[in-house]
Each structure stands twice: as C-alpha cells, then as structure tokens.
Amino acid sequence: MTEQPLYAVIDIGSNAIRLRIGALSYAGDLQIFEAVRAPVRLGRDVFHSGHFSLATIERAVQAFVDFRSMIDQKAIPLTQVRALATSAMRESANQQELIDQVEQATGIRIEVIPGEE
C-alpha cells in the first residue's frame, strides 16, 4: 500500500495564522499530522487603522517562513499548499503588500476569499 499524499492548508485569520498538514485516508477520513498556530493578530491593525503596520507584516512573513520550513520538511509540493485569508486581509488597505512579501519570501500564494466562503 502506498502512502497518501500530504497537503498543507494555511488559514490566515484576524487573530492567528494556522497551518494544518494532513492527508485523506483511503476511507476518506481527514488525518491531521501537524497543527501550528502563530498569533500574528492581523485584525488588531486593520480594525483600528485600516491597514497592516510594518511590524505586523514582518510577523506574518516570519510565520510563513516558519510554515514553509515545516512544509519543506514534509516534502509537500507547493501545488499541494493552499493559503486562505479572511476578513482582516479583505479589509486591509495594504493587503497586496503583505501578499507580495509572503510570496517573495516563501513562494506561497495567498488567496483572499469572500466572507461567504
């Protein structure tokens, strides 16, 4: 029997950025092998001033660098990594700056999803 491929999902929320690494079993059950949380607090800036501070951007980029290291250790290709951002990213006037810095530092592309998703 061959091993199931691993996938990584990064949830970019208002309070924390979370990494989950897992696989689907042959029975269709989700198995999480790694769960990490970085308390970056994107919402603190956005909901107060409308944009991310430089310090917050640096913390977020560092979290992604750390996550990329974990992803690489598990040999997960970037085609099996998905990073999804929610309300704080949607509402930030400088969201593209954070998106660009994360992609430049890690190769991970962030998708900003609508509230309905």
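Free of Cβ contacts under 8 Å to residues at least 60 places away in the same chain, more than 16 Å from Val112 (Cβ to Cβ) and of a type in the set (S, T, N, Q), is that true of Ser92? Spelling it out, it is not the case that Ser92 is free of Cβ contacts under 8 Å to residues at least 60 places away in the same chain, more than 16 Å from Val112 (Cβ to Cβ) and of a type in the set (S, T, N, Q). Is it true that some residue in the stretch 43-53 is more than 17 Å from Arg18 (Cα to Cα) and in contact with a strand residue (DSSP E or B) (Cβ under 8 Å, 6 or more places away or on another chain)? No - not one qualifying residue is present in the stretch 43-53. Of everything listed in (1) at pLDDT below 95; (2) assigned to a strand (DSSP E or B), the single unmet condition for Pro5 is (2).
Would you say Gln104 is exposed (fewer than 15 other Cβ atoms within 10 Å of the Cβ), within 25 Å of Gly115 (Cα to Cα) and of a type in the set (S, T, N, Q)? Considered against the rule, which asks whether it is exposed (fewer than 15 other Cβ atoms within 10 Å of the Cβ), within 25 Å of Gly115 (Cα to Cα) and of a type in the set (S, T, N, Q), Gln104 comes out as no. Residues of the stretch 29-81 that are under 15 Å from the mean Cα position of the chain (by Cα), surrounded by 15 or more Cβ atoms within 10 Å (Cβ to Cβ) and not in a helix (DSSP H, G or I): Glu34, Val36, Ala38, Val40, Arg41, Ile76, Val81.
Among the residues making up the stretch 82-101, a single one is part of a loop (DSSP other than H, G, I, E, B) and exposed (fewer than 14 other Cβ atoms within 10 Å of the Cβ): Ala93.
Hey, Ile113 hits all of (1) touching a residue at least 24 places away in the same chain (Cβ under 8 Å); (2) on the phi > 0 side of the Ramachandran plot but one; which does it fall short on? Of (1) touching a residue at least 24 places away in the same chain (Cβ under 8 Å); (2) on the phi > 0 side of the Ramachandran plot, only one is false for Ile113: (2). Out of the stretch 12-28, which residues are in a strand (DSSP E or B), of a type outside the set (A, V, I, L, M) and open to solvent by 30 Å² or more (accessible area, probe 1.4 Å)? If the condition is that a residue be in a strand (DSSP E or B), of a type outside the set (A, V, I, L, M) and open to solvent by 30 Å² or more (accessible area, probe 1.4 Å), then Arg18, Arg20 are the ones that fit.
Quick grid of which residues meet (1) under 17 Å from Val9 (Cβ atoms); (2) at pLDDT 95 or above:
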{"residue": "Ser25", "(1), (2)": "yes, no"}
{"residue": "Phe33", "(1), (2)": "yes, no"}
{"residue": "Pro39", "(1), (2)": "no, yes"}
{"residue": "Glu58", "(1), (2)": "no, yes"}
{"residue": "Arg68", "(1), (2)": "yes, yes"}
{"residue": "Pro77", "(1), (2)": "yes, yes"}
{"residue": "Ser87", "(1), (2)": "no, no"}
{"residue": "Ala93", "(1), (2)": "no, yes"}
{"residue": "Leu98", "(1), (2)": "no, yes"}
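The values are calculated or read from the model by the stated rules, or taken from the named source; none is laboratory data. Bear in mind that the values here come from a model prediction, so they are computed numbers and not experimental data. We place every Cβ from the backbone using ideal geometry, glycine too, and count neighbours over all the protein chains shown. These accessible areas exclude ligands, DNA and RNA; they are computed on the full protein's heavy atoms, side chains included. Shrake-Rupley method; radii C 1.70, N 1.55, O 1.52, S 1.80 Å.
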